[in-house]
Amino acid sequence: MNSNKEAYVIGAGGHAKVVIVTLKEAGYTVKAAFDDDSQKWGKDLLGIPVVGPPSQLESLSDPQAVIALGENTLRKTFAGRFRHVKWLTAVHRTAYVHPTVELGPGTVVFAGAVVQPDARIGSHCIINTCATIDHDCVLKDFVHIAPGVNLAGGVLLEEGVFIGIGSAIIPQASVGGWTVVGAGGVVDGDLAAQLLAVGVPARPIRKRE
């Protein structure tokens with residue numbers, strides 16, 4: 001069991017506020033936030049000081065942190081940049097995560113979310129406010145499930161998928177890597193990689209670069 005309850009946050013925007021709250025509810029003391037935007041330095045975020053750029057993490061000994069950036073590509077970039085950081089997994093106390101669920105390092109589960117038996121969630125994923133993930137779903141690394149999303153049982157989301165707010169996915173459907181499903185979309189079958197899909201049912205409208 002981890003006895004070190006000090007944490008740092010990379011990012012100082014709106015998403016970072018929710019990460020800070022989640023870390024606190026999970027019993028961590030958030031020491032500081034880092035951001036590349038110099039306009040934020042010297043200010044605070046929910047009482048947490050924004051002390052400088054993320055590069056300052058390199059001077060810390062064995063820091064623990066969460067990448068509090070909603071953009072999936074940015075989380076992947078920072079995860080590869082800071083190899084010495086221990087990435088924390090944080091679950092808000094009002095979320096329900098069944099004991100059989102696997103949660104990777106750097107993953108956050110926000111307030112009101114539900115993750116059902118035998119789901120497997122990769123590293124640096126975001127399970128946002130009041131999202132539901134049913135039994136046997138598999139989410140690969142850097143996936144972002146927006147608020148109010150509902151995944152039925154056995155859904156597979158490959159690396160970097162973003163599912164927009166209020167969307168739903170039917171049982172056993174799969175979504176290819178780095179595909180985006182727009183807000184309110186209903187995925188009624190498999191989607192290939194690198195697409196932007198929208199609508200009810202969700203259909204590709206263009207290829208993502």
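If you go through the stretch 110-124 and keep only what is farther than 14 Å from R93 by Cβ and not in a strand (DSSP E or B), you end up with Q116, P117, D118, A119, G122, S123, H124.
With respect to (1) surrounded by 17 or more Cβ atoms within 10 Å (Cβ to Cβ); (2) of a type in the set (G, A, S); (3) closer than 19 Å to K76 by Cα, the lone exception for A193 is condition (1). Across the stretch 78-87, the qualifying residues are those that are farther than 16 Å from H144 by Cα and surrounded by fewer than 22 Cβ atoms within 10 Å (Cβ to Cβ), and the one among them that is modelled with the lowest pLDDT is R83. In the stretch 197-209, the residues that are closer than 17 Å to G160 by Cα form Cβ pairs under 7 Å with partners that are basic (K, R) and surrounded by 14 or more Cβ atoms within 10 Å (Cβ to Cβ), at six or more places apart or across chains, as follows: A197/R203.
Among residues of the stretch 113-138 that are in the same structural domain as G177 (by TED's automatic domain parsing) and among the charged types (D, E, K, R), those with a Cβ under 9 angstrom from a residue that is buried (at least 18 other Cβ atoms within 10 Å of the Cβ) and in a strand (DSSP E or B), sequence gap 6+ or separate chain, pair up as R120/L103; R120/V138; R120/L139; D134/V115; D134/N150; D134/L151. In this entry, A16 is excluded by the filter for residues that are part of a strand (DSSP E or B) and under 30 Å from T132 (Cα atoms).
Pick out the one residue from G52, G14 that is more than 21 Å from N72 (Cβ to Cβ), of a type in the set (G, A, S) and not assigned by TED's automatic domain parsing to the domain that holds C130.
Details: G14 fails: more than 21 Å from N72 (Cβ to Cβ).
Only one candidate qualifies: G52.
The residue pairs whose first member lies in the stretch 68-86 and is free of Cβ contacts under 8 Å to residues at least 40 places away in the same chain, whose second member is loosely packed, with under 14 Cβ neighbours inside 10 Å, and whose beta carbons are closer than 7 Å, counting only pairs six or more residues apart or on different chains, are K86/D62. If a residue must be buried (at least 19 other Cβ atoms within 10 Å of the Cβ) and either of a type in the set (G, A, S) or outside any loop (DSSP other than H, G, I, E, B) (or both), how many such residues does the stretch 125-147 contain? Number satisfying all stated conditions: 9.
When you check G153 against the structure, is it outside any loop (DSSP other than H, G, I, E, B) and farther than 18 Å from E25 by Cα, yes or no?
Considered against the rule, which asks whether it is outside any loop (DSSP other than H, G, I, E, B) and farther than 18 Å from E25 by Cα, G153 comes out as no.
In the stretch 165-184, the count of residues that are in contact (Cβ under 8 Å) with a residue 60 or more places away in the chain, in contact with a Phe, Trp or Tyr (Cβ under 7 Å, 6 or more places away or on another chain) and in a strand (DSSP E or B) is zero.
The values are calculated or read from the model by the stated rules, or taken from the named source; none is laboratory data. Keep in mind that what you see is a predicted model, and the values were worked out from it rather than measured. Neighbour counts are summed over all protein chains in view; Cβ atoms, including those assigned to glycine, are modelled from backbone coordinates with ideal geometry.
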